[in-house]
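Worksheet: one structure, shown below.
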Amino acid sequence: MNNFIVFEGICCSGKTTLCEMLNKKILDLNLNAVYNHGAMTYTDLGKEFKKVLGIKDNPITVSYFLTDLIINTQEVIKPLLKESNTILLQDRYYDAITTYISAYGKYSNNDYNIYDIPKALVDKGFFVKPSLKVFCIPPFEIIKERMEKSKVSPVHDFYRKNPKFHKLVYEELIEKSKENYSNKLIVDTSSNDSIKEGIDYILKFISSKND
């Protein structure tokens, strides 16, 4: 069963909303959908660090993010993937942190390209290779509008105070989405038609892998 679907996108890109809509549709396939938020959500390490996220230096952020994701993969993701008839909807995985850090390197004129790290962690079994990568990429102006209305948080506040960096993260994710993955989908979450087409594609993908 190919049941690990990862949704990548920057803050306010519509990932969580798309997951919620898809979750309801999966029930119609007599399958169980489980939503799993990305790093800094479930482990004690992640919860504590999330309180100061956006304040710490980015190389430190990388260490915490990757460690938290490894723990989450071993303790949450892998056990869920062993359950029959379960589709795991992952709200951001390793592309989120690697694109963020790479963009910050460009912002600060440093080489922060760490894309080889998650590849190595997948090869060694610390991370799980997604069955399908869904990139949520609406127009940048839409994300900016959503960001202005979004909650107060260290990360969102940093984006709002540094619009140039915000745009660099967006552009970095677009470049990441162009890579040659075996199974990927790009969804413009500002368009109802694109969202519907995206959901239909994902449901067909799930059905084809579970026949």
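For 168, 69, which order do you get if you count the other beta carbons within 10 Å of each Cβ and list the fewest first? Each step should come with its number before you reach the end.
Values: 168 19, 69 25.
With the sparsest Cβ surroundings first, the list reads 168, 69.
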Would you list 28, 157 from fewest to most Cβ contacts within 10 Å?
28, 157
Normalised contact order of the chain, rounded percent, pairs of Cα under 8 Å and 6 or more residues apart:
31 percent
Could you tell me how many degrees, from 0 to 90 and to the nearest 10, lie between the Cα long axis of helix 15-27 and the main elongation axis, the longest principal axis, of the Cα atoms of the chain?
10 degrees
Helical mean residue ellipticity (222 nm; -39500 (n - 2.57) per DSSP H run of 4+; nearest 500) of the chain
-16500 deg cm²/dmol
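With +1 assigned to the C-beta of every Lys and Arg and -1 to the C-beta of every Asp and Glu, and no other charges, what is the dipole magnitude of region 4-210 about the Cα centre in debye, to the nearest 20? Provide the component values of the computation, followed by the final result.
Details: 29 positive and 26 negative charges, 31 e Å.
The dipole of region 4-210 has a size of about 140 debye.
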Loop-located GluC sites (Glu not before Pro) in region 1-102 whose Cβ has at most 14 other Cβ within 10 Å (DSSP):
83
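Which GluC sites (Glu not before Pro) from region 108-211 combine a DSSP loop assignment with at most 16 other Cβ atoms within 10 Å?
Working: sites: 141, 145, 148, 171, 172, 175, 179, 197; in loops: 179.
Sparse-neighbourhood loop GluC sites (Glu not before Pro): 179.
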Hits among aspartates and glutamates - C-alpha to C-alpha of residue 24 under 17 Å, sequence gap 8 or more where chains match:
91, 197, 200
One checks the Cα atoms of region 92-146 and finds Rg and Dmax, in Å, of 13.8, 40
Nearby lysines by direct alpha-carbon distance to residue 167 (threshold 20 angstrom, same-chain neighbours under 8 apart not counted)
15, 106, 144, 149, 151, 176, 178
Specify the angular offset, from 0 to 90 degrees and rounded to the nearest 10, of the alpha carbon long axis of helix 192-210 from the longest principal axis of the alpha carbons in the chain.
50 degrees
Report the residue, chosen from 50, 196, 161, that carries the largest GNM mean-square fluctuation when the chain is represented by alpha-carbon nodes joined by springs under 10 Å.
161
To the nearest 10 degrees, how steep is helix 94-107 against the longest Cα principal axis of the chain, on a 0 to 90 scale?
20 degrees
In terms of modelled amide H atoms, which long-range or inter-chain residues lie less than 5 Å from the amide H of residue 32?
86, 87
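FYI, it's all coordinate maths here, none of it is from the lab. Owing to the predicted nature of the structure, the values given are computational and were not obtained by experimental measurement. Neighbour counts are summed over all protein chains in view; Cβ atoms, including those assigned to glycine, are modelled from backbone coordinates with ideal geometry.
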